[in-house]
Structures are given as C-alpha cells and as structure tokens.
Amino acid sequence: MIRVDNLSVNYGAVRALREVGFEAPSGQITAVLGANGAGKTTLLRTISGLVKPRQGAIYIDEFDVVGIATENIARRGVGHVPEGRGVIEELTVEENLRLGALSAQVNLTDALNEEYERFQVLGERRKRHCSTLSGGERQMLAMARALIARPRVLLLDEPSLGLAPQVTAQLMRTIAQLCETENLTVLLVEQNAKSALRIAHRAVVLHLGSVVANGAAADVAADEDLRRYYLGVVTS
Amino acid sequence: MSVFLSSSFIHNIFGGLATGVIYSLVALSLVIIWQSTHVLNFAQGAMAMFATYIGMTEIDRGVGYWWCVIISVAVGMILGGMTERVLIRPLYGKPEINPIVVMVGFLGVLEALASAIWTSTTRNITEPFSQVYYQDHGHLIFLSAFVIFQMVLAIGIMLLVAALFRFTKLGLQLRASALAPEVSRLLGIRVGRMLTIGWMLSAGVGAIAAVIVASGNFGLFPTNMDGIFVAGFIAAAIGGLESPMGAVAGGLLIGLAEQFILAYWSPNVAPLGGIIILVVALMVRPQGLFTKRMSRRV
Amino acid sequence: MNWWRAFPRQETTNSRVVGVAILTLIALLVTIVLPPVANSELAGGAAIAIVVLGLSWLTGWSGQISLGNSGFMAVGAYAAGIWAHHHMTTPVIFTLALALVAGGLSGLVVAIPSTRLRGPYLAGMTLAFSAAVTPLAQNFTSVTGGEGGIFLNALVTPSWFAHFFHGQNASINANAQWTADLSVVVAGIMFFFMANLFHSRTGRAMRLVRDNDVAAELMGVNLSRTRTVAFVVSAAYAGVGGALYSLLQESVRPETFPLTLSITLLTLMVLGGMGTLSGAVIGGIIYSFSANLVAHVNSLTGVNPTSNLGANMQGIIFGVLLILAMLFASRGIVGLVTPLRSLWRVVMSRRRRLRDTLGTTQ
C-alpha cells in the first residue's frame with residue numbers, strides 16, 4: 001500500500017507537485033492520469049527517492065520513505081519501471097534480468113525461469129543484446145526486471161508509450177493479471193487514460209501538480225467534465 | 001628459427017611489446033575510471049608511483065618482492081577509493097573541467113610529496129628475474145626472464161580484469177552503474193559504492209604497471225610515470241576512452257611505434273611518437289575518439 | 001547618499017583600457033622604490049601574468065582547458081633564445097614579437113587536430129604536447145644547447161637609464177629596475193590587447209561557444225575556427241611570457257619548463273579568477289610573492305628550507321590550493337567577489353522586506 005500525504009516538490013522556482021495526497025491500496029491498480037507536465041513522472045520519481053520533496057510524506061506499508069536513498073527504497077520492495085523503460089541496451093536480456101535480481105533475496109535460476117515462463121519471448125531472446133529488442137519486448141523486459149526482485153509495489157511510468165494498440169491492450173491485460181496473482185500495489189502513470197481506466201481500480205487525476213480528482217476508476221471514467229478538461233478523452 | 005629470433009626486426013617487436021603492455025595497463029586503468037565516472041584521471045600515474053614508493057619502503061625493511069607488489073597494489077586501491085570519495089564525489093554534476101583541474105592539482109601534490117619524502121633520485125626495486133638477455137648460439141635475443149615476467153604479469157592482470165567485468169556479479173553491477181546510473185539505483189544497486197570500487201580497481205591496475213616500471217631499468221622516481229601516463233592516455237584515446245580492448249590495442253601500438261621510431265628513424269624524435277599517432281588517428285577517424293557517444297548533449 | 005554611486009561602473013572597453021594604463025603606471029612607480037630582489041620578483045610575476053592571462057582567456061572565455069601552456073612557453077623561449085643568441089643587438093621588442101609568432105604557430109599546430117576535441121581529450125592532448133617539448137629540447141642539442149641550454153644576455157640596461165643611478169650597486173639597481181620596468185610595460189601592452197580582445201567579435205563569439213556551442217553554431221559562429229583562434233592567442237601569450245621569463249633568467253633550459261609549471265599556471269589562474277584581466281594580475285602578484293610565501297610557511301612550520309620537504313613546499317602548497325579552490329570556490333578569488341556581493345544583496349533585501357512587514361503591521 002502507498003499513502004502519499006501533503007507532498008510538494010519544487011524544481012527551482014517551479015512547483016511540480018502541490019500538496020498531493022492519495023492512497024493506493026494493496027492488490028489494486030491505481031491509475032495516475034493527467035496531461036503532459038501534470039507532475040505524474042515527478043510523483044513516481046519522488047516515491048523512488050530520485051527527487052527530494054519540499055514537504056510531505058510517502059508511506060509504503062506504513063513506513064515513511066522520504067529521505068531514504070533510491071537504492072534502499074528499491075531494496076524495500078519498490079519496483080520502478082521508468083519512463084522510456086530504462087532497459088540497458090549494451091547488456092543482454094539475461095544480464096538485465098540478473099541485475100534486477102541482484103539486490104533481492106531470491107534464487108537466481110528459479111527467478112529467471114519464472115520470468116521466462118511469464119514472458120516467453122524473453123526466454124527466446126535471453127542471450128541477445130537489448131538494442132535488438134522491439135518496443136513491446138523492451139517493455140516486457142523492463143517489467144520482468146522489476147518483478148524478478150519480488151516487489152510489493154510496482155511503479156509503471158507510461159508503459160504504453162510508443163506501443164501499437166494491440167500490444168498496449170495485451171500489456172494492460174498482463175498488468176491486471178500480475179496485480180491479482182502477486183497481490184501488488186500498482187501505480188500506473190498513463191497519458192492514455194482510456195486504456196488505463198479499463199484495468200484500474202482507482203484513479204488519481206493530476207493537473208499542474210495538484211490532485212483534481214481521486215476515487216474509484218469507474219467514477220472517474222464516468223465523470224464527463226473530468227474526461228473533457230483533464231484527460232483529453234473525446235466522448236464517443 | 002634461431003637466426004630469425006635474433007634478427008633486429010624481431011628484437012624491436014619484443015621491445016615494443018614489452019613497453020606496450022605497460023601502456024596498455026595504464027590505458028586500461030584510465031578506461032575503467034572513465035567508464036564509471038567520466039573523469040580522465042590525470043593523477044593516475046602519480047597515484048601509482050606513490051603506492052609503489054610505499055611498497056618499496058617495505059622492501060627496504062626486508063620484505064620480499066611479491067609482498068612489495070601486493071602492498072603497492074593494496075595501497076594503490078586504498079588511495080584510489082579515497083580519491084573518489086574525497087576529491088571526485090563533490091564534483092559530480094559540475095563542469096567537466098573541474099575534476100580535471102582537481103586531479104592535475106593532486107598530481108602536483110603527490111609528486112612534490114614523493115620527492116619530499118623519498119628524494120628525487122632514481123631507485124630500483126630489486127627485480128625478481130634476471131634482466132640479462134638470452135643468447136642463442138652467440139646471438140643475442142631481445143628477451144630476458146624479466147621481459148617475459150613483465151608481459152605475463154601484465155597480460156594476466158588484463159585477463160583478470162576482463163573476467164571480473166564479464167563474468168562476476170560485481171562486474172555486472174560495475175558495468176550497469178557506468179552505463180545507466182539512475183536505472184541501476186532503481187534496481188537497488190549501490191551505485192556510489194560501485195564508483196568507489198571502480199576507482200579502487202583502476203588504481204590497483206595502475207599500481208601494477210608502476211611496480212613493473214620500477215622493477216625494470218627505468219626505475220622509480222617521483223615523475224617516472226609522467227611520460228607513461230601520457231602514452232597510456234594516448235592509447236586510451238585512440239581506443240575511444242570507452243573501450244578496454246581498444247585501450248589495450250592502443251597501448252601495444254604505441255609501444256611498437258616508439259620502438260620502431262627509435263630504431264629506424266631517429267631517437268631524437270621518439271618523444272613525438274605518441275603525439276604523431278594520436279594526430280594521425282584523429283585525422284583518419286575523428287569520431288573514433290568518441291566511439292558510441294556520437295550524440296551531443298544540447 | 002553613498003559617495004561611490006557618483007562613479008557608475010561602466011563595463012566599457014575604454015574603462016578597461018584606462019584601468020590597464022593606470023595599473024601599468026602604478027607598477028612602474030612602484031619599481032622605483034622596490035629593492036633589486038623585489039624588482040626581479042616583480043619582473044618574473046609580470047612575465048607569468050602574461051601567460052596566466054593567455055590561459056585564462058582560453059579557459060575562462062572559451063571553456064577549453066590546456067595543460068600545454070608550459071610547452072608553448074618553452075617554444076617562445078627557445079625561439080627568442082636562439083634568435084637572441086645569434087643576433088645580440090636585436091631590440092628586445094622584436095625578439096618578443098618573434099616569440100609571439102613562434103608560440104602562436106605552435107598553438108596552431110596543436111589546435112588543428114584538437115579543435116574537435118573537448119574537455120578531457122583536449123587536456124590530454126595538450127599534456128602530451130608539453131610532455132614532448134622538454135625531451136625534444138634535450139635531444140636536438142645542436143640547436144637548443146641540450147641539457148645545458150642557451151645562455152643569454154639580451155636585457156642590457158641602456159646607458160640613459162643607468163644615468164639615474166648612483167652610489168653603491170648602481171648598476172645592479174639600475175639593471176633590476178630596468179628589467180622590471182620592461183616586463184611591466186610588455187605586460188601592460190599584452191593586457192591592453194587582451195582588454196580589447198575580450199570585447200571583440202571573436203571574444204563574444206567565444207563566450208557563446210563556451211556557454212552553448214550548438215546555439216553558437218546555429219547563429220553562424222564557426223566553431224572550429226573560433227576554438228582555433230582561442231588556442232592560438234593563448235599559445236602566443238604563453239610564447240611571449242615564456243620568452244620574457246627566460247630573458248629575465250638570462251638562459252633557456254629544458255628544466256625551466258617542467259610539467260609542474262603547467263600546474264602552477266593553472267593554480268595561479270584559478271586563484272586569481274578565470275577569464276578576467278584582474279585575475280591574471282592577481283595570479284602574477286601571487287607568483288611574485290610565492291617564494292616569500294613558501295619561505296614564510298617553512299619558517300612558520302619549522303621546516304628547514306634546504307631539506308627535501310622545504311624544497312618541495314611550493315609544489316605541495318600550490319597543488320593543495322588548486323584542489324581546495326576547485327572544490328570550494330571554482331571561480332577563484334575574483335569569482336568570490338560576486339557571491340559576496342549577491343549575499344550582501346540578499347541580506348539587504350531581507351532587511352528591507354522585514355522593515356516593510358513591520359511597517360504594515362504597525
């Protein structure tokens with residue numbers, strides 16, 4: 001579970017987040033929606049400790065992680081798939097996965113096999129350099145690399161970016177499945193509100209750094225004004 | 001065969017490779033630091049020199065040669081780690097000129113300190129193997145037990161470093177931290193520690209090079225690594241500063257080139273050998289210096 | 001009203017040029033009262049200030065770094081030395097002009113392959129150059145005099161100048177003051193040109209290249225040409241400074257230009273403040289005092305100046321100062337002025353705001 005409390009972040013004079021507060025329960029997907037520059041990525045980076053907040057608290061399972069180093073937050077069970085996936089291109093698929101497993105207390109061979117089973121395409125390409133992977137395969141690898149450490153919390157930053165619609169749909173199904181089987185707390189940042197809301201249980205809408213809506217995904221999806229003003233979804 | 005081995009051409013190849021492996025070691029140590037922290041360590045030679053002096057004082061106290069090597073390497077590694085922590089860490093994110101200037105200052109301090117403590121007269125570490133060249137039916141062969149030792153040790157260290165980076169967990173973390181520090185941190189890798197370890201490794205490799213130099217004819221004096229550092233830098237630059245293999249190849253190339261200029265052209269211009277090679281390399285393939293980093297930050 | 005407000009600071013070329021002239025005059029007046037030893041230290045400082053100015057222009061204005069300026073100094077010194085050795089009667093100004101050209105040409109040779117390089121590559125390339133110069137000078141004995149070098153006696157005190165001096169040691173006093181005056185005038189001329197160069201088209205283009213080379217290129221600045229010019233000017237200044245330095249020493253020898261000299265130059269530049277005329281002046285002054293400074297430190301710490309440690313004290317102090325300056329005040333002493341001034345401004349505005357708030361609540 002993640003609870004964000006009164007969180008503010010400044011970039012120099014620019015306020016990136018203003019007194020943001022919400023809760024993301026365990027075993028559920030919480031979508032974080034909003035336009036470009038709404039502060040979605042900043043929110044995830046602050047949770048991971050890459051950005052230091054000006055004020056506020058971030059509780060992960062009742063433990064405030066503000067001020068803790070990024071690598072230690074990761075070791076506490078927070079998996080973060082960053083914007084642009086963060087696959088290390090110069091390494092092979094397997095090396096990327098091994099990196100993910102290094103900091104966790106898992107049996108490497110078992111964990112690798114499990115991920116290859118979950119994402120079969122990765123098993124086929126395990127010795128390949130990541131620069132040869134397609135966008136969808138990279139997204140799979142990035143997720144597998146986060147999951148291999150058995151995280152309790154998964155932060156996903158725009159996983160659908162640059163993917164074809166069918167690939168996106170499949171990805172969303174995978175995320176929903178994962179959340180259920182692994183009892184994960186998923187924070188899903190998306191610009192593609194429509195596909196995110198389809199699988200999310202809850203949704204938080206950010207606008208210029210502030211929370212403008214926070215509730216059940218179905219309610220947010222049903223709110224005509226929200227959709228028109230903040231999510232850019234044209235009513236069909 | 002024996003006449004072939006004693007021909008002057010073969011002599012020069014042995015001579016060139018013997019110095020070349022030293023340059024390769026220094027170049028390799030520069031590449032390790034460059035990859036992890038994007039700092040060109042101008043004090044690399046001086047740090048190695050300093051570590052070797054400390055190892056040598058232990059020899060004076062009656063310790064054997066191999067202990068001297070081990071002590072020098074250990075001191076080198078400690079010095080490298082401390083340098084990263086104290087002098088380099090505060091400068092991450094500052095203009096790239098700042099760490100250069102700091103390391104140049106450190107070079108000056110180390111050389112001045114060394115001549116203050118141990119004077120600037122040349123010393124030799126008693127070499128473990130004979131420097132006398134082998135003979136074959138009265139023909140001199142440009143190989144001695146020491147030259148063979150020098151090459152075997154240098155190549156052994158290079159293979160060891162390669163294996164460490166390629167096959168171990170530590171090597172994987174070192175590579176990842178260098179390639180993508182932020183992503184590595186998100187995966188729980190202690191990147192700060194990896195940078196320190198990278199500097200320690202590099203300084204250790206540099207110390208081995210300095211010990212070999214100090215054991216040979218060249219000897220040990222406070223500025224003895226200056227020229228060797230320059231050659232090592234050129235070797236690393238030819239290889240693109242990012243490629244360990246390129247650095248090793250560059251080192252051998254410069255060693256050979258110097259030897260052949262010395263033998264067939266004029267000993268007077270030998271100091272220019274490295275620069276000529278660097279200039280030619282730049283003219284032929286300017287982007288070779290930048291290898292993969294073709295795009296510039298705007 | 002504060003009285004200094006009556007003199008607004010004008011950052012015009014004219015005011016800088018006038019400043020250079022006034023400073024030169026003051027220095028000339030000072031040489032009259034200084035003892036001979038101090039005068040020769042001042043002369044050395046003036047020569048080094050020229051080199052530091054050239055380096056400061058390169059690093060402070062074009063953002064490039066050079067560890068090769070001791071090499072360029074050597075080139076200028078040998079050009080001047082070899083010429084003056086064979087043509088004793090040449091006016092000093094001509095010899096120095098020759099050093100300027102020789103230094104500039106060597107700068108061009110290094111710059112052509114290096115202008116594509118940035119930061120560490122360039123620094124390494126220039127280091128390789130300066131490391132090669134000394135062995136070359138040692139090897140080509142027939143031209144350079146090898147290890148022993150060339151002995152010079154080019155700075156002869158003119159008789160009209162010597163007339164002013166009487167009594168004991170008249171000729172020593174006259175010679176010390178003459179060489180000091182000459183060095184100050186040469187430095188003044190070099191500073192005058194640099195004051196203009198700072199605000200020339202090239203100077204402005206160079207700042208642009210330093211701050212954002214891509215933007216500069218888009219605005220039509222020829223990158224490699226600008227960088228080459230920066231390099232050549234810097235090397236020419238090093239050539240003049242090196243020649244003057246050797247003329248003062250009355251010899252040109254390889255060991256005058258070790259690698260550590262490049263470190264000293266960097267230290268002086270950083271301590272004085274990069275990219276400013278005043279920074280180079282401060283650097284030169286620090287150099288003039290460095291022997292005294294080191295002696296002072298030795299006596300303070302009780303180190304025997306003839307011991308190993310005492311002899312290497314300067315290297316240790318300069319290296320440590322360089323490191324500390326880069327770690328804590330990367331813009332040097334001159335750079336420190338600005339943060340202090342902005343701190344002052346912050347304090348003043350806080351006070352004003354406090355006063356305003358208090359005023360509204362009362």
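The values are calculated or read from the model by the stated rules, or taken from the named source; none is laboratory data. Note that this is a predicted model, so its numbers are computed, not measured. Backbone-built Cβ (ideal geometry, glycine too); neighbour counts: all protein chains shown.
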Matching helices (runs of 4 or more DSSP H) fully within region B:178-254 where at least 2 residues are touching a residue at least 40 places away in the same chain (Cβ under 8 Å) and not polar (S, T, N, Q): B:191-215, B:226-238
Give me the residue from region A:7-19 that is touching a residue at least 40 places away in the same chain (Cβ under 8 Å) and more than 15 Å from residue A:65 (Cβ to Cβ) and, out of that set, surrounded by the fewest Cβ atoms within 10 Å (Cβ to Cβ). A:19
Options C:114, C:130, C:159; residue that is among the hydroxyl-bearing types (Ser, Thr, Tyr) and either more than 14 Å from chain B (Cβ to nearest Cβ) or over 26 Å from the mean Cα position of the chain (by Cα) (or both): C:159
Quick check: is even one residue across region C:271-287 within 17 Å of residue C:48 (Cα to Cα), within 13 Å of chain B (Cβ to nearest Cβ) and assigned to a helix (DSSP H, G or I)? yes
Just one listed residue, out of C:129, C:72, C:94, is surrounded by fewer than 24 Cβ atoms within 10 Å (Cβ to Cβ) and among the aromatic types (Phe, Trp, Tyr), and it is C:94
Can you give me the ranges of the helices (runs of 4 or more DSSP H) entirely in region C:12-118 with at least 2 residues that are in contact with a helix residue (DSSP H, G or I) (Cβ under 6 Å, 6 or more places away or on another chain) and more than 26 Å from residue C:288 (Cα to Cα)? C:92-114
Considering each of C:306, C:301, C:267 in turn, give the residue that is touching a Phe, Trp or Tyr at 6+ places or on another chain (Cβ under 6 Å), within 13 Å of chain B (Cβ to nearest Cβ) and either more than 23 Å from residue C:127 (Cα to Cα) or modelled with pLDDT of 85 or more (or both). C:267
Pairs, first touching a residue at least 24 places away in the same chain (Cβ under 8 Å) in region C:276-301, second surrounded by 16 or more Cβ atoms within 10 Å (Cβ to Cβ) and acidic (Asp, Glu), C-beta under 7 Å, six or more apart: C:288/C:41; C:291/C:41
Could you look through region A:183-236, keep only residues that are surrounded by fewer than 21 Cβ atoms within 10 Å (Cβ to Cβ) and of a type in the set (Asp, Glu), and pick out the one that is nearest to the chain's Cα centre (by Cα)? A:219
Enumeration of residues in region B:46-71 that are modelled with pLDDT under 95 and among the small types (Gly, Ala, Ser): B:55, B:62, B:64
Being assigned to a helix (DSSP H, G or I), within 18 Å of the chain's Cα centre (by Cα) and closer than 24 Å to residue C:87 by Cβ narrows it down to one residue among C:183, C:234; which is it? C:183
Sort out for me the helices (runs of 4 or more DSSP H) sitting completely within region B:1-71 that have 3 or more residues that are crowded, with 24+ Cβ neighbours inside 10 Å and touching a Phe, Trp or Tyr at 6+ places or on another chain (Cβ under 9 Å). B:8-37, B:44-60
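Looking at residue A:83, is it at the interface with another protein chain (Cβ under 9 Å from one of its Cβ atoms), surrounded by fewer than 20 Cβ atoms within 10 Å (Cβ to Cβ) and either outside any helix (DSSP H, G or I) or modelled with pLDDT under 95 (or both)?
no
Give me the residue from region B:90-137 that is acidic (Asp, Glu) and not in a helix (DSSP H, G or I) and, out of that set, farthest from the other protein chains (Cβ to nearest Cβ). Before you say what the answer is, go through the steps one by one.
Kept after step one, since they are acidic (Asp, Glu), are these residues of region B:90-137: B:96, B:111, B:127, B:136.
Still in the list and also not in a helix (DSSP H, G or I): B:96, B:127, B:136.
Working: B:96: 4, B:127: 25, B:136: 33 Å.
Ranking the candidates gives B:136 first.
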From the options A:91, A:133, residue that is more than 30 Å from residue A:53 (Cα to Cα) and more than 14 Å from chain B (Cβ to nearest Cβ): A:133
